[in-house]
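Asks: Pasting in a structure now, in structure tokens, and then I'll have a few things to ask.
The values are calculated or read from the model by the stated rules, or taken from the named source; none is laboratory data. Everything numeric here is computed off the predicted structure, so don't read it as measured data. FYI the Cβ positions are ideal-geometry reconstructions off the backbone, even for glycines, and counts take in every protein chain you see.
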Amino acid sequence: MGCCSSSNADSKASRMARWRSTGIVALRDCKLKTFPDEVLDLDRSVRTLDLTHNKLVDIPMEINKLINMQRLILADNLIERLPMNLGKLQSVKVLALDGNRITTLPDELGLLVRLERLSISGNLLTCLPETIGSLRNLLLLNISNNNLKSLPESIGSCFSLEELQANDNSIEDIPPSICNLIHLKSLCLDNNNVNQIPPNLLKDCKVLQNISLHENPISMDQFQQMEGFQEFEARRKKKFDKQIDSNVMISSKGLDEGVDL
């Protein structure tokens, strides 16, 4: 329940008691301009903090008090930078920062070793820290709609990664290390400047089912000539056949190879 739907009778004390009891602090759409200090007083009690769609610019260093927090949702604010001690939030598994004004990620991001889902689409990132390779439990990385020109070589050390969304950037090169992502199922790179992908990608990433490369200077012919293409095609068709058999509605775009002719 967000603060905007709370009645006047919902005093600060009762609100704090509810937050402490549930571990969930939800303050969506509250027009907050500053981080609520009372949340910091909850310290170890907070499991989920959702401050979506406010007007926050800064996240205080004191956020490191929330050491048991597992989900930190800060989407759709005006945040320009993250605190340097972010890495002390060792319990965080989900970090959502979409729709802010973040230009860089601190190296300390790599200390969030339990992180499973990192979504930071719609920001102003020009690069990712090499320390991202320390996120060995990361399953989903969404970095779409930024100003990235490349991906760090260290991304190949995110060994658990299953889905990489990097649409709408200016990415030119895909590092060869991406072939190390043996659990990768989906790679989305629409609207970039990619003209080639590592030649061993389809051969080494044996569970890859979806590659989307629309609006890139790469041809279908290049893609089809890659070693492992036939096996990839078989996996892709099996996936969508299963969806159709399950009466899952999918678009026609979802059935193509994800590469523009």
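Asks: Could you count how many residues in the stretch 182-191 are in a loop (DSSP other than H, G, I, E, B) and in contact with a strand residue (DSSP E or B) (Cβ under 8 Å, 6 or more places away or on another chain)?
Replies: Looking only at that region, the number is 4.
For every residue, the table says whether it meets (1) closer than 21 Å to Ile143 by Cα; (2) in contact with a Phe, Trp or Tyr (Cβ under 8 Å, 6 or more places away or on another chain); (3) of a type in the set (S, T, N, Q); (4) part of a loop (DSSP other than H, G, I, E, B).
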{"site": "His53", "(1), (2), (3), (4)": "yes, no, no, yes"}
{"site": "Ile59", "(1), (2), (3), (4)": "yes, yes, no, yes"}
{"site": "Met69", "(1), (2), (3), (4)": "no, no, no, yes"}
{"site": "Leu72", "(1), (2), (3), (4)": "yes, no, no, no"}
{"site": "Ala75", "(1), (2), (3), (4)": "yes, no, no, yes"}
{"site": "Leu78", "(1), (2), (3), (4)": "yes, no, no, yes"}
{"site": "Pro83", "(1), (2), (3), (4)": "yes, no, no, yes"}
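Asks: Just the residues that are under 13 Å from the mean Cα position of the chain (by Cα) and either hydroxyl-bearing (Ser, Thr, Tyr) or assigned to a loop (DSSP other than H, G, I, E, B) (or both), please, taken from the stretch 106-124.
Replies: Leu115, Glu116, Ser119, Ile120, Ser121, Gly122, Asn123
Asks: Can you tell me which condition Arg114 does not meet? The list is (1) under 21 Å from Met84 (Cβ atoms); (2) surrounded by 17 or more Cβ atoms within 10 Å (Cβ to Cβ), and all the others hold.
Replies: The one condition Arg114 does not meet is (2).
Asks: Let me ask something else about it. Being of a type in the set (Asp, Glu), in contact with a Ser or Thr (Cβ under 9 Å, 6 or more places away or on another chain) and not assigned by TED's automatic domain parsing to the domain that holds Met61: is that true of Glu162 here?
Replies: Working: of a type in the set (Asp, Glu): yes; in contact with a Ser or Thr (Cβ under 9 Å, 6 or more places away or on another chain): yes; not assigned by TED's automatic domain parsing to the domain that holds Met61: yes.
Considered against the rule, which asks whether it is of a type in the set (Asp, Glu), in contact with a Ser or Thr (Cβ under 9 Å, 6 or more places away or on another chain) and not assigned by TED's automatic domain parsing to the domain that holds Met61, Glu162 comes out as yes.
Asks: Name the residue that is farthest from the chain's Cα centre (by Cα), counting only residues in the stretch 207-236 that are within 14 Å of Asp190 (Cα to Cα), of a type in the set (S, T, N, Q) and assigned to a loop (DSSP other than H, G, I, E, B).
Replies: Across the stretch 207-236, the extreme among qualifying residues is Ser219.
Asks: Moving on. Please go through the stretch 163-179 and pick out each residue that is touching a Cys at 6+ places or on another chain (Cβ under 9 Å) and outside any loop (DSSP other than H, G, I, E, B).
Replies: Once the filter is applied, which keeps residues that are touching a Cys at 6+ places or on another chain (Cβ under 9 Å) and outside any loop (DSSP other than H, G, I, E, B), the stretch 163-179 yields Glu163, Leu164, Gln165, Ile178, Cys179.
Asks: Next question, about the same structure. Return a yes/no flag: does the stretch 7-22 have any residue that is within 27 Å of Asn145 (Cα to Cα), of a type outside the set (D, E, K, R) and surrounded by 16 or more Cβ atoms within 10 Å (Cβ to Cβ). Give the derivation first.
Replies: Taking the stretch 7-22 and keeping what is within 27 Å of Asn145 (Cα to Cα), we get none.
Within the stretch 7-22, not a single residue is within 27 Å of Asn145 (Cα to Cα), of a type outside the set (D, E, K, R) and surrounded by 16 or more Cβ atoms within 10 Å (Cβ to Cβ).
Asks: Looking only at residues that are among the hydroxyl-bearing types (Ser, Thr, Tyr) and modelled with pLDDT under 95 in the stretch 1-29, which one is nearest to Ala75 (Cα to Cα)? Can you show your working first?
Replies: We begin by selecting, within the stretch 1-29, every residue among the hydroxyl-bearing types (Ser, Thr, Tyr); these are 5-7, 11, 14, 21-22.
Now narrow it down to the ones that are modelled with pLDDT under 95: 5-7, 11, 14.
Working: Ser5: 19, Ser6: 21, Ser7: 25, Ser11: 26, Ser14: 26 Å.
Residue satisfying both the conditions and the ranking: Ser5.
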